[in-house]
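Please read through the structure below; I'll follow up with questions.
What follows is calculated from the coordinates using simple rules that are stated; it is not laboratory data. On a predicted model such as this, the values are computed, not experimentally measured, just so you know. For neighbour counting, all protein chains shown are included, and Cβ atoms are generated from backbone atoms with ideal geometry for every residue, glycine included.
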Amino acid sequence: MGGTRFTPRRELGRTGFAATVLGLGDLADRSVPFERCVATLRRGLDAGVNVVDTAPGYEDGYSERIVGAALVGRPRDSIFVIDKVDHFDRPVAAQIDESLARLGLDFSDLFVFHSVSTPESWSRLLADGRFDELKACVARGKARFTGISSHHPEVLRSAIPSGLCDVVLFPVGPFVDDRYVNEILPLCRQYGVGSVCFKTFGAGKLLGDTAGYGQPLEQRPRGKWSSGGKPSSGGAELPALTVEECVRYTLTCDPDVALLGLSFPNEQDAAFAAASGFLPYSPSELGSVRRRAALAVQGKGQCWWNP
């Protein structure tokens, strides 16, 4: 891979942190030795990527431990660490303390409420005062910024103007609800809220024959297809996009950060090459990729990020 390939591009919302266009997402697989996971994450950081995302629920704290180990020896202010509050029915401070202990850090740059994906869950967070608890953790130096991750445009439509979120995480890619791109991204820019966007590869569905995140299809859709999206008499592949197409699509939409799950060196190399050679798609090209993406997800199970 060789040397630093990414430099900070622009500030992440109103945080003042200059972020790289790519971020490193959930990198945790208990079938892979811990030190190998750490080395892979360090490899991405050595390439210059400076945003890292984790959560206590990712392999039951394994991801947080990997992130903490990978950051050892690096200037703390050089990496923007995103962590999450998984349980909305429990006190926030105790959850944050547990996460920081696994990370081995005094603070995380951003704590977000994880997967606030129904209007009811957003309303309950407010009614139960959970944001007040999170803001108290900020006041005690356990976090610098607050926000949510969400798989629902209407939740984000309420959260972004609320003043409670410095950064929000949500889907942007070739197969997402149009509102994420046409309404939510502009709303983030209007209110100075940082946008960190996932589902570039549609949980893997856009790239391969999977029900999501490496899960094999239990039952293949009727008919066989070639990778170009055309029926094939003998082909075994369903329609698929390339890494370059998915990354190029998301970067054309222009979130502050495209958060990718880059768990292996070959995955990093493919995504880094796509980002390094990025040229924006034209509107007609965007439409073409969307149409092919709609074919690529057929028969591969629920796309839970689209309400």
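Taking every DSSP beta bridge with both residues inside region 1-128, roughly what % is antiparallel (nearest 5)?
20
Work out the FRET efficiency for ASP106 and ASP128 from their Cβ-Cβ distance, taking R0 = 30 Å, and round it to the nearest 0.05.
My answer for the efficiency is 0.65.
For region 84-199, how big is the tail of P(r) above 21 Å, as a whole percent of Cα pairs?
It works out to 34 percent of all Cα pairs.
LYS205's amide H: which non-local residues (gap 5+, or another chain) put their own amide H closer than 5 Å, with H modeled 1.01 Å from N in plane and none for Pro or chain starts?
For LYS205, whose amide H was placed from the backbone, the distant partners under 5 Å are TYR213.
Please report the net charge: other residues with Cβ closer than 12 Å to the Cβ of ALA143, K and R +1, D and E -1.
Overall, the nearby charge balance is -1.
In whole Hz, with x marking every Gly and Pro, tabulate ³J(HN,Hα) for region 31-42 from phi via Karplus 6.51 cos²θ - 1.76 cosθ + 1.60, θ = phi - 60°.
7, 9, x, 3, 5, 5, 4, 4, 4, 5, 5, 4
While we're here: Compute the Cα gyration tensor for region 1-89, then decide on rounded, prolate or oblate, letting a ≥ b ≥ c be the square roots of its eigenvalues: rounded whenever a/c is under 1.5, prolate when a/b is larger than b/c in the other cases, and oblate in all that remain.
Note, shape of region 1-89 comes out oblate.
Taking amide H positions as placed in the peptide plane 1.01 Å from N, state which residues far from PHE113 in sequence (5 or more) or on other chains have amide H under 5 Å from it.
VAL85, GLY147, ILE148, SER149
Among DSSP beta bridges whose residues both lie in the chain, state the antiparallel percentage, nearest 5.
Taking every DSSP beta bridge with both residues in the chain, the antiparallel ones total about 20 percent.
Still on this structure: Mind running the shape call on region 238-307? Use the C-alpha gyration tensor, a ≥ b ≥ c as the square roots of the eigenvalues: rounded below 1.5 for a/c, prolate if a/b tops b/c, oblate otherwise.
In terms of gyration-tensor shape, oblate.
Here's something else I'd like to know. So which chymotrypsin sites (Phe, Trp or Tyr not before Pro) in region 275-307 end up in coil per DSSP with only 15 or fewer other C-beta atoms within 10 Å?
Sites meeting the loop and neighbour criteria: PHE278, TRP304.
Take the alpha carbon gyration tensor of region 36-79, find the square roots of its eigenvalues, order them as a ≥ b ≥ c, and report rounded if a/c is under 1.5; if not, report prolate when a/b exceeds b/c, else oblate.
Judged from the Cα gyration tensor, region 36-79 comes out prolate (a/c at least 1.5, a/b above b/c).
Provide, as a two-decimal number, the C-alpha radius of gyration of the chain over 2.2 N^0.38 Å, N being how many residues it has.
Against the compact-globule rule of thumb, the ratio is 0.98.
Continuing with this model, one more query. What is the calculated FRET efficiency for THR242 to LYS135, with r their C-beta to C-beta distance and R₀ = 51 Å, to the nearest 0.05?
0.75
In degrees from 0 to 90, rounded to the nearest 10, what is the angle of the helix 62-71 Cα long axis to the longest principal axis of the chain?
So the helix axis and the longest Cα principal axis differ by about 70 degrees.
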